[in-house]
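To start, the structure itself, in structure tokens.
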Amino acid sequence: KKRDGKNGALLYHPMMQDHTRQRAAIERDIESALEEDWFEAYFQPIVDLEGGRVAGYEALLRLEHPTKGTLAPSDIIKIAEETGAIIRVGNRVLEKALANLVELSEATGDKDAYIAINFSPLQFEHTLPIRLAALTSRYGIAPHRLVVEITEATLLHDNPQIRTILDEFHRFGCRIALDDFGTGYSSLSYLNRFPVDIVKIDQSFIRSLSAEEPELRHKSRMLVEGITAISHKMECSVVAEGVETEEQRDILRQFGVDRGQGYLFARPQPIRQLMKTLEKSHQP
Ligand code: C2E
Ligand code: CA
Ligand code: CA
Ligand code: CA
């Protein structure tokens with residue numbers, strides 16, 4: 001049976017129809033999540049490799065769906081960026097993350113730990129710094145405890161205001177982390193052109209530190225050591241992402257990497273759960 005109309009063609013491709021339907025479902029989930037307050041900011045500790053103290057947390061978006069369970073950001077972010085919902089989603093995560101930080105600080109007594117929040121390029125408009133300033137002051141969080149995580153995509157984005165916005169963040173006291181470092185086109189040049197404070201070495205490099213293949217293992221060790229040295233020369237501190245084994249941690253420490261983040265230390269989790277984990281790790 002044939003159909004006319006410009007959407008008719010879609011009906012003849014089961015895969016595409018599936019995809020379209022899935023996508024529509026996610027779009028609806030995002031709207032419901034905003035309305036029903038299903039978005040959460042999970043926290044993952046970022047740990048000093050020397051001494052093992054928790055220096056801060058990265059806030060990672062989760063959608064706690066009442067029937068589908070917990071949805072990870074991979075699908076949500078992309079679709080939210082395409083529909084424009086990312087602005088509202090981003091604001092929601094931001095509020096959750098700051099509220100969680102206040103609660104966690106009260107529970108642990110650590111009033112210094114920082115919170116690192118991921119930003120999509122689309123969130124970078126000129127009112128962002130002033131809105132962030134207002135939010136941190138509303139939550140009573142010192143600006144230096146806020147780390148803005150961006151990727152090369154934000155710096156590549158054809159936005160002449162980027163530099164100004166980043167400078168404003170600095171003036172106001174918060175720090176800027178360059179995420180997924182080393183995976184993009186010209187990572188090093190960004191250290192030169194933008195005011196970056198923290199370099200986050202992508203987890204793909206950390207994974208190959210303990211690769212089976214000796215050549216790959218050797219080369220990635222040289223790379224991680226080199227990236228760390230260059231970042232330190234540029235007066236950036238260095239965080240390694242995706243640290244899963246003690247071997248990786250020991251190598252990173254030996255190379256002078258400042259902090260690590262990964263399943264070895266803790267998974268991203270709701271702060272209630274994190275409070276229990278942190279309590280346990282303080283017990284003898
Ligand atoms: P990312 O910023 O690079 O975050 C690190 C990702 O690595 C997280 O995935 C985290 O759960 C995962 N991870 C942490 N430790 C380990 C480990 O030891 N091993 C492995 N295999 N993975 C580890 P997640 O939570 O699924 O987030 C994926 C990406 O989604 C993030 O990558 C970030 O780019 C984006 N994202 C997350 N939350 C937000 C948000 O609130 N806003 C925006 N714009 N993007 C977000
Ligand atoms: Ca990140
Ligand atoms: Ca990353
Ligand atoms: Ca990543």
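The values are calculated or read from the model by the stated rules, or taken from the named source; none is laboratory data. It should be emphasised that the depicted structure is a prediction, and the values quoted were computed from it without experimental measurement. Note: ideal-geometry Cβ built from the backbone for every residue, glycine included; neighbour counts use all protein chains shown. When the accessible area is computed, the model is the full protein with side chains, heavy atoms only, and any ligands, DNA or RNA have been set aside. Shrake-Rupley method; radii C 1.70, N 1.55, O 1.52, S 1.80 Å.
Looking only at residues that are within 16 Å of ligand 4 (Cβ to nearest atom) and open to solvent by 10 Å² or more (accessible area, probe 1.4 Å) in the stretch 221-243, which one is farthest from L178 (Cα to Cα)?
So, considering only residues that are within 16 Å of ligand 4 (Cβ to nearest atom) and open to solvent by 10 Å² or more (accessible area, probe 1.4 Å), the one farthest from L178 (Cα to Cα) is G242.
Just to verify a result, which residue in the stretch 97-123, among those that are within 11 Å of ligand 1 (Cβ to nearest atom) and open to solvent by less than 40 Å² (accessible area, probe 1.4 Å), is farthest from Q261 (Cα to Cα)?
If we take residues in the stretch 97-123 being within 11 Å of ligand 1 (Cβ to nearest atom) and open to solvent by less than 40 Å² (accessible area, probe 1.4 Å), then Q123 is farthest from Q261 (Cα to Cα).
Can you tell me which residue in the stretch 142-176 is farthest from ligand 3 (Cβ to nearest atom), limited to those that are open to solvent by 60 Å² or more (accessible area, probe 1.4 Å) and not in a helix (DSSP H, G or I)?
Restricting to residues being open to solvent by 60 Å² or more (accessible area, probe 1.4 Å) and not in a helix (DSSP H, G or I), the top hit is P160.
Mind counting the residues in the stretch 228-266 that are closer than 19 Å to A116 by Cα, among the aliphatic types (A, V, I, L, M) and either in contact with a Pro (Cβ under 9 Å, 6 or more places away or on another chain) or outside any loop (DSSP other than H, G, I, E, B) (or both)?
Residues in the stretch 228-266 being closer than 19 Å to A116 by Cα, among the aliphatic types (A, V, I, L, M) and either in contact with a Pro (Cβ under 9 Å, 6 or more places away or on another chain) or outside any loop (DSSP other than H, G, I, E, B) (or both): 4 in total.
Has the stretch 203-220 got at least one residue that is open to solvent by less than 90 Å² (accessible area, probe 1.4 Å), β-branched (V, I, T) and more than 30 Å from E40 (Cα to Cα)?
The answer is no; no qualifying residue exists.
Can you report the number of residues in the stretch 48-62 which are over 15 Å from the mean Cα position of the chain (by Cα) and either assigned to a strand (DSSP E or B) or surrounded by fewer than 16 Cβ atoms within 10 Å (Cβ to Cβ) (or both)?
7
Would you mind finding the one in V102, V93 that is modelled with pLDDT of 95 or more and more than 15 Å from the chain's Cα centre (by Cα)?
V102
Quick test of your reading of the structure: L128 fulfils all but one of (1) among the aliphatic types (A, V, I, L, M); (2) closer than 16 Å to F39 by Cβ; (3) modelled with pLDDT under 95. Name the failing condition by number.
The one condition L128 does not meet is (2).
Being surrounded by 15 or more Cβ atoms within 10 Å (Cβ to Cβ), of a type in the set (F, W, Y) and either under 18 Å from N118 (Cβ atoms) or modelled with pLDDT under 95 (or both) narrows it down to one of Y190, Y185, so name that one.
Matching residue, one of Y190, Y185: Y190.
I'd like to know if the stretch 250-272 contains one or more residues that are surrounded by 13 or more Cβ atoms within 10 Å (Cβ to Cβ), free of Cβ contacts under 8 Å to residues at least 40 places away in the same chain and out of contact with any Asp or Glu (no Cβ under 9 Å at 6 or more places or on another chain).
No.
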